[in-house]
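Q: Okay, handing you the structure first.
The values are calculated or read from the model by the stated rules, or taken from the named source; none is laboratory data. This is a predicted model, so every value here is computed, not measured. All Cβ positions, even for glycine, are placed from backbone atoms using ideal geometry, and neighbour counts span all protein chains on display.
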């Protein structure tokens, strides 16, 4: 086994990088979810406020009250646009984080494959050594047996 090989050291570093990327991906997913929830809340609040405005308007309202409602709706629309931009950024960050994690995971898998190949090669070498030792032992045993038979 390749216990202290440079490949194992690189694989350990790649595992650390993959774990870090996975944690970051989770954090980014949380930020994206939070941005989406905030956008949904703002949109829902706007719909409720608009419905309230229509009820009040049906009962009759002054022009200054109408302007207040309109200004507040405009400010909600602005906040919704800003939150939509924040959600788009969070989605882009999440995609970049997912790409980083996938890259790190592929890198880790590459090291794991290289380690497996090196271990298989090491096992083959050990098996050849063992076979060679067995062959030498068998040959020595045959010579010893042959020499004993010739002496007798």
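Q: Have a look at 87, 28 and point out the one that is over 30 Å from residue 118 (Cα atoms), surrounded by 13 or more Cβ atoms within 10 Å (Cβ to Cβ) and within 19 Å of the chain's Cα centre (by Cα). If you could, list the steps in order and put the result at the bottom.
A: Details: 87 fails: within 19 Å of the chain's Cα centre (by Cα).
Exactly one residue qualifies, and that residue is 28.
Q: Also, I was wondering about something else. Take the conditions closer than 30 Å to residue 24 by Cα, out of contact with any helix residue (DSSP H, G or I) (no Cβ under 8 Å at 6 or more places or on another chain) and surrounded by 10 or more Cβ atoms within 10 Å (Cβ to Cβ) and apply them to residue 134. Does it pass?
A: Against the criterion (closer than 30 Å to residue 24 by Cα, out of contact with any helix residue (DSSP H, G or I) (no Cβ under 8 Å at 6 or more places or on another chain) and surrounded by 10 or more Cβ atoms within 10 Å (Cβ to Cβ)), residue 134 does not qualify.
Q: Follow-up question, since we're still on this one. What is the number of the single condition among (1) under 30 Å from residue 86 (Cβ atoms); (2) assigned to a loop (DSSP other than H, G, I, E, B) that residue 61 does not meet?
A: Only one criterion is unmet by residue 61, namely (1).
Q: Quick one: which residue in 23, 27, 46 is farther than 30 Å from residue 109 by Cβ, assigned to a helix (DSSP H, G or I) and modelled with pLDDT of 95 or more?
A: Working: 23 fails: farther than 30 Å from residue 109 by Cβ; 27 fails: farther than 30 Å from residue 109 by Cβ.
None of the others qualify; the one that does is 46.
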